[in-house]
Amino acid sequence: MNTYDVALIGYGPIGAIAANVLGMYGISTAVIEHEKTPYDLPRAIVIDDEIMRVFQQVGLIDEILPLTKVIAGEQFLNSKRRILFTADLASHHNGYAPTNTFYQPQLEAVLRRGVARFPSVEVYLGHEVTAIAQDETGVTLTIAAMPPRPPLPIVQHDADTVQATSIAQEQQLRARYVLGCDGAKSITRTSAAIRLRNLKSHQAWLVVDALLKDEENALQSSFVQQYCNPIRPETYVPSVQRHRRWEFMLAEGEQKEEITRPERVQALLSSWIDPTKLEIVRATVYTFHALIAEQWSNGRLFLLGDAAHQMPPFLGQGMCTGIRDAANLCWKLALVLKGQAAPVILASYQQEREPHARAVIGTAVNFGRIIQARQPLAWLRDRMLPLLAYLPHAFSLSMPPLLSGLFMHTSPHKHNAHKRARASLRSVILRRTHRHTQGMLIPQPRVHTTSGEEVLLDELLGLHFAIVGLNVNPRTCLDPSMLPFWDSLPTRFVQVTTSNSRDDQSGTPNTQTDLVIQIIDSESQLANWFARYRNTIAIVRPDRYVFGLCTPQTLSNATQRLQALLN
């Protein structure tokens with residue numbers, strides 16, 4: 001029986017990201033996927049700047065970035081196709097455009113090539129998980145090789161022969177932990193006896209993916225357009241290269257078989273573009289759901305992506321939310337598996353991710369209510385939306401911080417975390433200024449090294465914890481007895497110097513320059529960020545979320561807090 005530290009069930013984008021992250025940490029990993037080849041049709045279509053940072057962290061951004069297209073904004077149109085409001089896409093200061101489109105088959109190909117770099121990851125394509133049994137020390141997976149699909153129908157007259165060709169060869173694998181990245185019909189969730197909570201948002205939409213026959217002369221707009229027609233709401237998404245997507249809400253009583261007929265699809269598209277200029281890739285009906293798992297883990301089984309949550313597509317955050325799950329969980333698993341942290345830290349996965357996912361789902365549902373409004377609410381919407389142009393940053397979307405979990409000051413009110421996360425997701429409401437000093441992403445500006453090289457900040461932070469100090473060497477602020485703890489993780493120490501203070505640095509003199517990375521914040525983005533929170537040192541987790549902000553005097557106390565949480 002082959003044994004692994006982690007088994008991943010499902011090899012879509014979420015499973016592929018998890019495999020890349022675990023591979024970077026050298027974790028022995030098995031990936032089980034029932035299909036032999038990647039799905040060749042687009043599904044997800046939008047990625048945000050935080051997800052681009054994840055691609056950067058796994059070393060694939062140079063391949064992925066050319067495959068994306070920046071979205072300039074989101075326009076809301078009335079029934080006469082006049083612009084009611086243009087939504088502001090707020091910058092997250094993560095080093096990339098806040099919203100980008102992509103073509104999923106291209107992305108998955110890059111992610112799978114990335115996994116092939118790691119000898120610690122073994123992929124079982126064309127295998128289906130048929131049974132999951134966990135005990136105190138691990139999980140046993142029974143997997144079956146899927147029988148080859150004949151190119152043409154074959155009629156079998158011998159019953160014994162039919163049975164022999166339909167039975168797949170089974171084998172068992174053993175893993176310490178299992179991550180269910182296996183989608184909405186997750187066998188992992190079923191095996192863990194976890195139920196989904198219905199958040200009461202279900203609506204059928206026709207999704208049409210098409211390729212422009214002549215990319216140069218049609219639909220060059222870089223805005224997502226929401227056609228808020230009370231009779232039939234519609235959405236247009238300008239994807240990369242020749243790919244375009246339209247979505248049409250089904251009216252009550254409309255049937256899938258009728259609305260997907262080619263002539264019906266062409267009639268719907270004709271109000272946007274001459275259908276003869278398009279090559280239809282697919283036209284299918286999806287029912288958009290809002291669901292979330294009651295538990296995100298059971299023992300050694302964990303749920304990620306659609307296995308844990310499903311949402312309407314109006315924010316383009318379905319796949320993004322799943323990638324956040326993988327980025328959150330996998331570094332914690334690596335710490336546990338390497339003996340650097342106790343398994344109890346894995347409880348922080350749901351504690352951090354569920355409130356965040358609930359907030360995103362709630363906002364997506366609210367967006368859908370605006371777009372899908374019928375009369376008389378549509379009349380009111382059409383008069384209210386233009387007024388938002390006079391409010392600064394209205395309708396901008398910025399992800400909320402993680403309000404409790406593996407942080408220096410964990411909130412004791414865990415049961416209310418999802419409500420506060422939802423309130424802080426700034427969409428459809430006026431933006432607010434967060435004063436949280438933890439659970440937010442550290443910004444990623446371009447900085448200069450002392451040799452003059454310009455790089456994005458994450459390139460210097462590494463795969464593990466980092467301690468970043470503004471005009472102070474954070475390593476010299478620590479009690480020497482605490483240095484072995486940080487070095488064991490291992491941790492990178494970064495000293496940020498503003499361009500104005502290069503020649504007159506404050507703080508403790510640097511006596512260990514070989515152990516500290518020195519960078520120049522030439523545009524003062526980090527200096528302004530630190531000033532906002534009135535601190536000078538940030539302890540940054542491997543997923544780039546801030547464990548806590550502190551001063552040189554309180555860094556040792558923060559170290560003790562992290563030690564206590566990990567043990």
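The values are calculated or read from the model by the stated rules, or taken from the named source; none is laboratory data. This one's a predicted model, so the numbers in the text were calculated from it and none came from an experiment. Neighbour counts run over all protein chains shown; Cβ positions are idealised from the backbone, glycine included. Quick note on the areas: whole protein, heavy atoms, side chains included, nothing else; ligands and nucleic acids left out. Shrake-Rupley method; radii C 1.70, N 1.55, O 1.52, S 1.80 Å.
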Largest-first ordering by accessible area, 1.4 Å probe, given options Cys477, Cys228: Cys477, Cys228
Dipole magnitude (debye, nearest 20) for the chain, charges at Cβ of Lys, Arg, Asp, Glu: 1900 debye
Of all DSSP beta bridges in region 1-154, antiparallel share, percent nearest 5: 65 percent
The chain - mean residue ellipticity at 222 nm from DSSP helices (-39,500 (n - 2.57) per run, n ≥ 4, rounded to 500): -8000 deg cm²/dmol
Where His93, His464 fall by accessible area, highest first, once all protein chains stay in place (1.4 Å): His93, His464
Surface accessible to a 1.4 Å probe, Ser297 within the full protein complex, Å²: 40 Å²
Whole-Hz couplings from phi, Karplus 6.51/-1.76/1.60, listed for region 30-40; x for Gly and Pro: 10, 10, 10, 9, 6, 8, 8, 10, x, 4, 9
Calculated diffusion of the chain, Stokes-Einstein form, Kirkwood radius summed over Cα pairs, 4 °C and 1.567 mPa s, µm²/s: 51 µm²/s
Gained length - Ala184 relative to Ile280, 0.36 nm times residue gap less alpha-carbon distance: 32.0 nm
By accessible area with a 1.4 Å probe, ligands and nucleic acids excluded, highest first: order of Trp379, Trp205: Trp379, Trp205
Spatial separation of Cα centroids for region 539-567 and region 465-487, in angstrom: 10 Å
DSSP beta bridges in the chain [antiparallel fraction, %, rounded to 5]: 65 percent
Heavy atoms of Phe118: accessible area, 1.4 Å probe, square angstrom to 10: 30 Å²
Value of relative contact order over region 54-128, rounded to a whole percent, pairs C-alpha under 8 Å and six or more apart: 28 percent
Accessible surface of the chain, 1.4 Å probe, proportion on carbon and sulfur as whole %: 52 percent
Nearest-10 value in Å² for the accessible area of Lys69, using the 1.4 Å probe: 50 Å²
Fully extended contour minus Cα-Cα distance, from Leu380 to Ser271, at 0.36 nm per residue: 36.8 nm
Dipole of the chain [Lys/Arg +1, Asp/Glu -1 at C-beta], most positive-end residue of Ala378, Gly362, His243: Ala378
The chain - accessible surface per residue (Å², probe 1.4 Å): 43 Å²
Length gained when the stretch Glu258-Ser451 is fully extended (0.36 nm per residue, less Cα-Cα span): 63.0 nm
